[in-house]
Amino acid sequence: MKNLDRREKLALFGGLKTIQKEFKRYNPIGAEEVQAAKEVIESGVLSQFLGAWHEDFYGGPKVREFERRCAEYFGVKHAVTFNSWTSGLVAAVGAIGIEPGDEVIVTPWTMSASATAIMHWNAIPVFADIDPETFNLDPGSVEANITPHTKAIMAVDIFGQSADIDALMAIAAKHGLKVISDTAQAPGALYKDKYAGTLAHVGGYSLNYHKHIHTGEGGILVTDDDEIAERSQLIRNHAEVVVGDKGVTNLSNMIGHNFRLGEIECAIGIEQLKKLSGFVLSRQTLAKRLTEGLLGLRGLRCPVVKADRNHVYYIYALVLDIAELGVERARIHAALQAEGVEVSDRYQNIHLLPMYQQKMAYGSRGFPWTSDICRRDVDYSKGICPVAEEMNDSSYLGFGMCSYDLSEGDVDLIVAAFRKVWSNLDMLQGGNSVAKEV
Ligand SMILES: Cc1ncc(COP(=O)(O)O)c(C=O)c1O
């Protein structure tokens with residue numbers, strides 16, 4: 001055993017912990033949001049939606065102003081707010097005209113709502129694998145999963161970097177499919193010179209409290225398509241009672257909900273939107289510092305940012321080369337955690353959730369998979385997405401950049417913790433890490 005002083009010795013083995021402080025939690029809500037919310041409360045109009053064909057079908061003044069500002073900011077014809085982006089995704093899938101039993105290709109490396117929005121309409125999620133560098137849908141795997149029943153692709157701009165949207169749109173054009181962009185985690189990210197989320201037929205952002213900007217809960221759908229916008233608004237607000245008076249003749253999926261966002265949230269959203277580019281820029285600056293600090297650590301890959309896009313670092317994702325390191329991820333993870341770096345050692349493989357493994361969703365008889373609307377036996381077994389599975393099982397490490405209000409000094413502490421662990425990798429090799437020390 002090496003003779004190390006307490007600062008050099010891994011905290012996992014009783015050495016001094018590198019990060020002695022708790023990082024400040026990210027809180028983007030400031031005085032402007034407080035004032036905006038106060039004004040709405042004082043006005044007494046906390047919501048102005050009416051579930052009928054009426055001027056107020058579109059909501060109150062703050063809803064409309066926030067939507068107008070979002071459309072302007074993201075450079076799209078329409079922005080439609082929702083009480084969550086899960087609701088927005090449900091509306092998007094319904095609005096593009098998905099039928100029961102239609103197949104929609106989606107990534108397993110995402111939050112579960114990407115696929116449950118498909119399930120909502122009794123359509124069938126089909127999981128394609130991810131690109132090992134960006135964690136986004138691999139266009140080759142998407143193409144390999146297309147069947148005569150495929151109707152759409154759900155692209156997810158995971159962790160803050162756009163999916164390969166040009167390639168996915170080209171596949172969609174070739175096969176007559178629609179593309180939904182789940183850009184929940186990447187508002188403000190650029191693909192070429194356009195905002196991620198705006199390049200698909202329909203896309204949108206989450207406004208839940210984990211994200212760069214938030215309204216507590218909420219979501220924004222964006223589209224240039226008039227019909228998708230109208231159908232989304234209808235699904236948001238009791239479509240079935242509105243279509244008659246509004247003169248809507250395409251009744252497919254015109255089953256409405258109450259997916260409406262309130263005036264207070266939209267007033268807060270207006271202020272948050274003004275700050276988005278500043279928040280994104282500061283996170284990009286910190287991520288650059290982190291990447292520079294980690295440069296040269298063997299067997300560790302920092303986020304790969306493609307030349308035609310940028311990254312807004314909702315999550316700063318790392319990949320370990322286990323063969324080169326000769327150390328299992330679990331040991332590195334435990335050592336980093338002990339030094340005070342809150343890294344996560346897994347993300348999502350949603351195809352492995354019990355719902356898909358047991359094909360049990362609506363009721364107890366396996367609907368929709370056991371019904372006639374499902375025209376083939378869709379495979380959800382482990383092995384269908386080898387890249388996503390390997391990442392989750394053994395090589396991925398993620399740091400939730402967007403959870404903290406980090407200073408440059410905090411980033412330097414994270415770098416120091418990584419460097420300390422890497423200079424003690426030999427202590428983590430083989431056997432039980434604690435036993436090694438004894
Ligand atoms: C990729 C992705 N899709 C969808 C959602 C759902 O968004 P919300 O929480 O606003 O419903 C999230 C939320 O974290 C997400 O990360």
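The values are calculated or read from the model by the stated rules, or taken from the named source; none is laboratory data. Model, not experiment: these values are computed from the prediction. Here the Cβ is made from the backbone with ideal geometry for all residues, glycine too, and neighbour counts use every protein chain on show.
Scanning the range 103-112 for residues that are outside any strand (DSSP E or B) and surrounded by 23 or more Cβ atoms within 10 Å (Cβ to Cβ), we see that the one that is farthest from the ligand (Cβ to nearest atom) is 108. Selection over the range 232-261 of residues that are more than 16 Å from the ligand (Cβ to nearest atom), in contact with a helix residue (DSSP H, G or I) (Cβ under 9 Å, 6 or more places away or on another chain) and small (Gly, Ala, Ser) gives a count of 3.
Counted as qualifying within the range 362-429 are the helices (runs of 4 or more DSSP H) with 3 or more residues that are buried (at least 19 other Cβ atoms within 10 Å of the Cβ), namely 408-423.
Residue 275 meets each of the listed conditions (1) within 21 Å of residue 396 (Cβ to Cβ); (2) surrounded by fewer than 18 Cβ atoms within 10 Å (Cβ to Cβ) apart from (1). With respect to residue 66, is the statement that it is within 16 Å of the ligand (Cβ to nearest atom), more than 21 Å from the chain's Cα centre (by Cα) and at pLDDT 95 or above true? Criteria met by residue 66.
From the list 307, 317, the one residue that fits, being buried (at least 17 other Cβ atoms within 10 Å of the Cβ), under 24 Å from residue 197 (Cβ atoms) and not aromatic (Phe, Trp, Tyr), is 317. Scanning the range 264-301 for residues that are of a type in the set (Ser, Thr, Tyr) and more than 20 Å from the chain's Cα centre (by Cα) yields 285, 291.
Residue by residue, here is whether (1) touching a residue at least 40 places away in the same chain (Cβ under 8 Å); (2) over 30 Å from residue 69 (Cα atoms); (3) not acidic (Asp, Glu) holds:
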| site | (1), (2), (3) |
| --- | --- |
| 254 | no, no, yes |
| 258 | yes, no, yes |
| 284 | no, no, yes |
| 298 | yes, yes, yes |
| 302 | no, yes, yes |
| 305 | yes, no, yes |
| 308 | yes, no, no |
| 315 | yes, no, yes |
| 324 | no, yes, no |
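It is to be established whether one or more residues within the range 301-321 are closer than 26 Å to residue 6 by Cα and of a type in the set (Gly, Ala, Ser). Within the range 301-321, none of the residues are closer than 26 Å to residue 6 by Cα and of a type in the set (Gly, Ala, Ser). Residues that are in a strand (DSSP E or B) and under 13 Å from residue 186 (Cβ atoms) within the range 296-316 comprise 309, 311, listed in sequence order.
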